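Visitor: Before I ask anything, let me first share the structure, which is written out below as structure tokens.
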2 protein chains.
Amino acid sequence: MTHETLLTLADVEAARGRIGPHVRRTPVLTSDVLDGAVGARLFFKCENLQHIGAFKARGATNAVFALSEADAARGVATHSSGNHGSAVARAAALRGLAAYIVMPEGAARPKVLQVERLGGRITYSAPTQAGREATVAEVIAATGATLIHPYDNRFVMAGQGTAALELMEDAPDLDVVMAPIGGGGLISGVSTAAKALRPQIRVIGAEPAGADDAARSLAAGRLIPLGQPDTMADGLRASLSADTFAHIQRGVDGIATVSEPAIAGAMRALWEALKIVVEPSSAVPYAAIREGAIDVKGKRVGIILTGGNVDLDRLPWGPGA
Amino acid sequence: MTHETLLTLADVEAARGRIGPHVRRTPVLTSDVLDGAVGARLFFKCENLQHIGAFKARGATNAVFALSEADAARGVATHSSGNHGSAVARAAALRGLAAYIVMPEGAARPKVLQVERLGGRITYSAPTQAGREATVAEVIAATGATLIHPYDNRFVMAGQGTAALELMEDAPDLDVVMAPIGGGGLISGVSTAAKALRPQIRVIGAEPAGADDAARSLAAGRLIPLGQPDTMADGLRASLSADTFAHIQRGVDGIATVSEPAIAGAMRALWEALKIVVEPSSAVPYAAIREGAIDVKGKRVGIILTGGNVDLDRLPWGPGA
């Protein structure tokens, strides 16, 4: 893979072969209740049931297993307070490598414990983007580890796209495929696979109105960085990279934005109808349909539910919400 | 099927053929975290992801589709404020029959709406066991409908057992299979199938200490009816029938009882590790393992997660718990 051209289906298929033994083929769930509420046939790809509770296991595993022996021997590094850090730690452990995970001081205790359980070596940084990047640079200088960026990495993007390969096999003849957009790694891989396999499919992204850099960028035709994100969907508070934006320009037909109450309502509806735990980010595409931000009446729609890592003491409903 | 002998594997296999097109083959999930916490390999059969959110769809569908044309033409009836009522309504709609569902006055609104959505014809009764039985008797006298009892029915029991057939295919070589016990229909079918397919398997039931009629009955060697149940596991507040007790005596190797805090803790652990919504009843077998009421160290254990119908405003943790 080079940056002279964009990702192709072959990259996503290569990722599938590479990560196959190490990730789950997650189920695709349906619900008559959810379908009836919006007048479409919805197919939910349950990446909340993936290892480490998120699709991030796919991309990180692909990137870690694609390293040369020489690079791999020096380990891998990333900075992430979320699912990607766990995914890198797990993938490195599977290959027997050191994983250096930079986490901000004050990171949530369950996330720290999960990275430790997976064998990640944690270095704490100042809780700012600059602090995190400085610390990971120090770690890399000291160890020679390879940085595995959470989305600005072709192998990560291709790995995330494997979710679409499985979804389209289990739910044939889709008219639309939807995924949320944070840094854009998932939708870059998904759109690459989906458009190659089924050129007439519409690929629709979804974003919180409070973190709508992809929608603005696509409309403007140039990358507009995210300002201060304001959304409960903590997985979507990242800015696109130039490379993910190029993939979005090529393969995404539209981006819907949704309100915070719509996210909370959609999340609850998914829990109640599908009997699964999904995090707010996962609910954003269904929220867009429910809120009427995208019209899919009568269509067959595949939706990637990205993860299920949520604090059960802080749900966005009930007396404390 | 007659009551002169107990159920056999053939009855469960016949049920599988009958209900196959109408129920989901639910996934079996695993979790390294849950395994590590108890030192065993656990395989969770996710009947919370079944139609109507519970295994009850299996037995009700088998009973409804086993009716003769003549009986079927007069419809079916049951009294249930829970999952079985929805399951009967759904099965009847699939076969194009009338379903008369007796529900207690004051039944929870979501349950009423679900039965209505599935096409059930609701008759309200006094909210007592006697009131419910009297009302269902009146409905049957007026319509000629066939009663589909929630567990004291051989076709229902055999249908529930199909969950074990699937579980044992997807998780081979199990040492132990566990299910919660309410009225005993599920474990009657599960033990019939499991012991026939794998005679060396141990079948272990699990009950809340506050609804432990099966444990007491098995220990005493005679049916001891449940007094006043006291448990959050609302699906397990039923007494065994003579017939389910006979199946338990034949096929169940032991029954573990668990405390209410253990149920709440196990339920939360299942949500967090598996990323699924299960109701308190579903958590009872895993609670028994966690609490040390049963020793499965080093074993391969199949556990049936029975359902996922839970009020998200009333979870057994957090400030209000």
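Nothing in this text is a laboratory measurement; each read-out follows from the coordinates by a stated rule. Here the structure is a predicted model, which is why all the values come from computation and not from measurement. So basically every Cβ, Gly included, is an ideal-geometry build from the backbone, and we count neighbours across all protein chains shown.
Visitor: Using only the alpha carbons of region B:172-221, determine the length spanned along each of the three principal axes and report them from longest to shortest in whole angstroms.
Guide: Each principal axis gives a Cα extent; for region B:172-221 these are 33, 19, 17 Å.
Visitor: Just to confirm the filter: which GluC sites (Glu not before Pro) across region B:2-110 are DSSP coil and have at most 14 other Cβ within 10 angstrom of their Cβ?
Guide: Those satisfying the criteria are B:E4, B:E105.
Visitor: Assuming R0 = 41 Å, what is the FRET efficiency of B:L113 and A:E116, from their Cβ-Cβ distance, to the nearest 0.05?
Guide: FRET efficiency, B:L113 to A:E116: 0.35.
Visitor: Report the Cα-based extents of region B:1-86 along its three principal axes, largest first, to the nearest Å.
Guide: 54, 31, 23
Visitor: Given the DSSP H assignment, sum -39500 (n - 2.57) over each helix run of at least 4 residues in chain B and divide by its residue total; what's the result at 222 nm in deg cm²/dmol, nearest 500?
Guide: Only helices count here, giving -13500 deg cm²/dmol.
Visitor: Among B:A141, B:A283, B:A214, which one shows the highest mean-square fluctuation when chain B is modelled as a Gaussian network with alpha-carbon springs under 10 Å?
Guide: So, out of B:A141, B:A283, B:A214, the one fluctuating most is B:A141.
Visitor: If you average 1/r over all unlike Cα pairs in chain A and invert the result, what Kirkwood radius do you get in angstrom?
Guide: Over chain A, the inverse of the mean reciprocal pair distance is 19.4 Å.
Visitor: What nm value, rounded to one decimal, do you get for the distance between B:T8 and A:E138 when each label is placed 7 Å out toward the C-beta?
Guide: It is 7.4 nm.
Visitor: Can you list which of the trypsin sites (Lys or Arg not before Pro) found in region A:204-284 are DSSP loop residues with at most 15 other C-beta atoms within 10 Å?
Guide: In loop regions of region A:204-284 (DSSP not H, G, I, E or B), the sparsely surrounded trypsin sites (Lys or Arg not before Pro) are A:R222.
Visitor: In whole Hz, with x marking every Gly and Pro, tabulate ³J(HN,Hα) for region A:231-241 from phi via Karplus 6.51 cos²θ - 1.76 cosθ + 1.60, θ = phi - 60°.
Guide: Taking θ as phi minus 60°, the curve returns 7, 6, 7, 5, x, 10, 8, 10, 8, 4, 9 Hz for region A:231-241.
Visitor: Now a separate question. How would you classify region A:256-318 from its alpha-carbon gyration tensor, with a ≥ b ≥ c the square roots of the eigenvalues: rounded for a/c under 1.5, else prolate if a/b is greater than b/c, otherwise oblate?
Guide: Taking the square roots of the gyration eigenvalues as a ≥ b ≥ c, region A:256-318 is prolate.
Visitor: If each residue of separation counts as 0.36 nm, what is the full-extension length gain between B:R250 and B:W317 once their alpha-carbon separation is subtracted?
Guide: Here the segment from B:R250 to B:W317 would lengthen by 20.4 nm.
Visitor: Further question on the same structure: What gaps in nm, shortest first, separate B:Q249 from its twins in the other copies when you place the label 7 Å past Cα toward the beta carbon?
Guide: Between copies, matching label points for B:Q249 lie 7.8 nm apart.
Visitor: Also, I was wondering about something else. If you place +1 on the Cβ of every Lys and Arg and -1 on the Cβ of every Asp and Glu, how big does the dipole about the Cα centre of chain A come out, in debye to the nearest 20?
Guide: About 480 debye.
Visitor: List the residues whose amide H sits under 5 Å from the amide H of B:A256, counting only those 5 or more places along or on another chain, with H placed 1.01 Å from N in the peptide plane.
Guide: B:G205, B:A206, B:E207
Visitor: Nm distances between the label at B:D175 and the same-position labels in the remaining copies, 7 Å along Cα→Cβ, shortest first?
Guide: The projected label point of B:D175 is separated from its counterparts by 5.3 nm.
Visitor: Please work out whether region B:169-321 counts as rounded, prolate or oblate from its C-alpha gyration tensor, where a ≥ b ≥ c are the square roots of the eigenvalues and a/c under 1.5 means rounded, while otherwise a/b larger than b/c means prolate and anything else oblate?
Guide: oblate
Visitor: On to the next question. Beyond 34 Å, what share of the Cα-Cα pairs of the protein assembly as shown remains, rounded to the nearest whole percent?
Guide: Roughly 46 percent, rounded to a whole number.
Visitor: Taking amide H positions as placed in the peptide plane 1.01 Å from N, state which residues far from A:S80 in sequence (5 or more) or on other chains have amide H under 5 Å from it.
Guide: A:V102
Visitor: With only alpha-carbon atoms in the gyration tensor, what are the semi-axes of the equivalent ellipsoid for region A:128-220, in Å, largest first?
Guide: Ellipsoid semi-axes (Å, largest first): 31, 18, 9.
Visitor: Run the paramagnetic zone check for B:K297: 7 angstrom along Cα to Cβ, then residues of region B:145-180 with backbone nitrogen under 20 Å.
Guide: Residues passing the 20 Å test: B:175-177.
Visitor: Here is a further query. Once the other residues with Cβ under 13 Å from the Cβ of A:L312 are scored (Lys, Arg +1; Asp, Glu -1), what is the net sum?
Guide: After counting each charged neighbour, the total is -1.
Visitor: Computed over the Cα atoms of region A:195-242, what is the convex hull's projected area averaged over all directions, in nm²?
Guide: Mean orientational projected area (region A:195-242, Cα hull): 4.2 nm².
Visitor: Name the shape class, rounded, prolate or oblate, that the alpha-carbon gyration tensor gives for region A:57-147, where a ≥ b ≥ c are the square roots of its eigenvalues, rounded holds for a/c under 1.5, and otherwise prolate holds if a/b is larger than b/c and oblate otherwise.
Guide: Because a/c hits 1.5 or more and a/b fails to exceed b/c, region A:57-147 counts as oblate.
Visitor: Which net charge results when you count Lys and Arg as +1 and Asp and Glu as -1 among the other residues whose beta-carbon is under 10 Å from that of A:L167?
Guide: -3
Visitor: Any chance you could give the angle, 0 to 90 degrees and rounded to 10, that helix B:9-19 forms with the longest Cα principal axis of chain B?
Guide: Once rounded, the angle reads 60 degrees.
Visitor: Ordered by residue, what ³J(HN,Hα) values in Hz, to whole numbers, does region A:299-316 give under the Karplus form 6.51 cos²θ - 1.76 cosθ + 1.60, where θ = phi - 60° and Gly and Pro are x?
Guide: 9, 9, 10, x, 10, 8, 8, 7, x, x, 8, 9, 7, 5, 8, 9, 7, x
Visitor: Need one number: nm distance between label points at A:A209 and A:L197, each 7 Å from Cα along Cα→Cβ, rounded to one decimal.
Guide: 3.4 nm
Visitor: Would you kindly work out, in nm and rounded to one decimal, the distances from the label point of B:G39 to those of the same position in each other copy, ordered shortest first, with label points 7 Å along Cα-to-Cβ?
Guide: 5.9
Visitor: From the backbone phi of region B:108-123, what are the Karplus-calculated ³J(HN,Hα) couplings (6.51 cos²θ - 1.76 cosθ + 1.60, θ = phi - 60°) in whole Hz, Gly and Pro given as x?
Guide: Karplus values, whole Hz, x for Gly and Pro: 4, 4, x, 5, 4, 5, 5, 4, 5, 4, 7, x, x, 9, 8, 10.
Visitor: At 4 °C and 1.567 mPa s, grab the translational diffusion coefficient of region B:212-266 from Stokes-Einstein with a Kirkwood Rh over Cα pairs, rounded to a whole number in µm² per second.
Guide: Approximately 108 µm²/s, per Stokes-Einstein.
Visitor: Nearest 10 degrees is fine. How inclined is helix A:280-290 to the longest principal axis of chain A, computing both from alpha carbons?
Guide: 20 degrees
Visitor: Follow-up question, since we're still on this one. What do you get for the angle between helix B:242-251 and the principal long axis of chain B? Use alpha-carbon atoms, 0 to 90 degrees, nearest ten.
Guide: Long axis of B:242-251 versus the principal axis of chain B: about 30 degrees.
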